[in-house]
Amino acid sequence: MQFSLLPIQSEDFEDFAKAEGEPGKIDENELIRRAQKHAEHIKERQQLTEFKSEDQKAAYEQLEAKLDSVRIPATLGDIWRAITESEHLSSLGGGIESYPQGDAYRISGIPCIPEGTLITTSKGLFQHGLGAGDHRRLHFATYGDPVFERLLDYMLQDLPVVTHAWKERKPLAALSVGGEKLVSLGRALDLEIADGSFIELVSRSQSKRKVQQDRLGRQNKIMLDQVSSILAEMKLRPNPETSSHQIAEIDHFIGDVLKRQSQRVRIKFNARDRHSMLALKDKLLWPVSESEEVLVAYADPLLLNAVRNIIYRQLGDLKKHQRTSHDVARRLREAG
């Protein structure tokens with residue numbers, strides 16, 4: 001971000017505006033010196049966030065090399081070949097139209113697509129367009145394009161097993177024809193399918209990470225509620241006028257942690273099912289350990305701020321006479 005042409009803070013102006021003899025009064029030279037110092041700090045911060053051109057080039061080259069090494073099931077060439085070599089589409093009146101920038105295929109006779117719509121895999125033609133005199137719509141043959149997806153729906157309607165996978169967006173490992181797995185469109189186009197050959201869908205195995213994610217989410221919530229109950233018991237002021245005043249000690253505590261070099265603090269708490277939490281101790285948002293029959297969370301400012309917000313919401317849900325540290329802590333323990 002660009003910094004101000006006059007990098008002077010409000011405190012600098014206040015010191016400059018002080019009356020002669022008043023403590024902290026500075027002259028014009030000191031004001032300029034401070035501005036130059038601020039400018040140097042801003043420049044240093046900018047340099048820390050700069051991404052040098054040679055580093056950008058190396059990163060893009062590495063990314064491009066990685067992408068080139070990944071084999072994709074269907075290339076643009078495969079898609080163009082499947083469309084243009086389809087005898088069925090040709091019999092409906094479809095055909096190739098050539099332009100200086102590339103070729104497009106004219107779609108005809110498909111009810112769900114306007115007559116004469118063009119589709120292409122040529123990036124040059126798609127970027128240039130058809131020209132001012134041709135008002136037909138040109139679409140790019142890629143997933144997400146509505147015309148391309150309607151064309152796929154139409155072409156696959158006679159293959160129930162494939163149609164179901166396409167409609168449901170079910171992840172596939174391959175198609176199997178006559179016992180042979182087809183892992184790319186190019187291989188499928190080259191294969192001669194004999195009469196009576198059975199097309200089978202080979203589904204991709206589904207991971208069961210969702211179950212673990214649910215467990216992690218549950219254990220993270222338990223930890224937050226239990227740590228919140230501990231801090232509420234220890235730090236909430238007794239029956240003040242406002243929630244903000246009552247939670248002030250917790251704000252001071254967070255401020256003290258921020259001043260520490262490590263910005264971490266050990267908070268002991270307990271949980272009903274300690275074994276479940278310990279089983280996931282290294283995967284939780286804030287790792288925990290066991291010490292003297294209790295659990296220990298290594299709280300950082302992020303955890304403390306989350307806990308502070310939980311306590312503050314709990315205070316807002318209670319009537320004034322119920323906002324004792326004991327009542328708030330009890331409710332948080334029950335929630336966890």
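Report the net charge of residues surrounding Ile79, where surrounding means a beta-carbon distance below 14 angstrom and charges are Lys +1, Arg +1, Asp -1, Glu -1. Walk me through the numbers before you get to the answer.
Values: positive: Arg81, Lys123; negative: Asp78, Glu85, Asp103, Asp145, Glu149.
Around Ile79, the surrounding residues sum to -3.
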Q | Subset of Lys18/Lys43; Lys181/Lys281; Lys259/Lys283; Lys43/Lys66; Lys221/Lys259; Lys268/Lys320 violating a 32 Å alpha-carbon distance limit | A | Lys181/Lys281; Lys43/Lys66
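Accessible area per residue for the stretch 10-66 in Å², computed with a 1.4 Å probe and the full protein assembly in place, what is it? Don't jump to the answer; show the numbers that get you there.
On the way: 4860 Å² over 57 residues.
Value returned for the stretch 10-66: 85 Å² of accessible area per residue.
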Q | Rounded FRET efficiency, nearest 0.05, which uses the C-beta distance separating Ala248 from Glu293 and R0 of 35 Å | A | 0.60
Q | Formal net charge of residues neighbouring Glu290 (Cβ-Cβ distance under 12 Å; K, R +1; D, E -1) | A | +1
(Q) Less than 13 Å from a label point 7 Å out along the Cα-to-Cβ axis of Asp145: which backbone N atoms in the stretch 120-138 qualify, by residue? (A) 120-130, 137-138
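The values are calculated or read from the model by the stated rules, or taken from the named source; none is laboratory data. Quick caveat, the model's predicted, so the values are computed rather than measured. Reconstructed Cβ throughout: ideal geometry from the backbone, glycine too, with neighbour counts over all protein chains shown. The accessibility values were calculated without ligands, DNA or RNA, using every heavy atom of the protein model including side chains. Shrake-Rupley method; radii C 1.70, N 1.55, O 1.52, S 1.80 Å.
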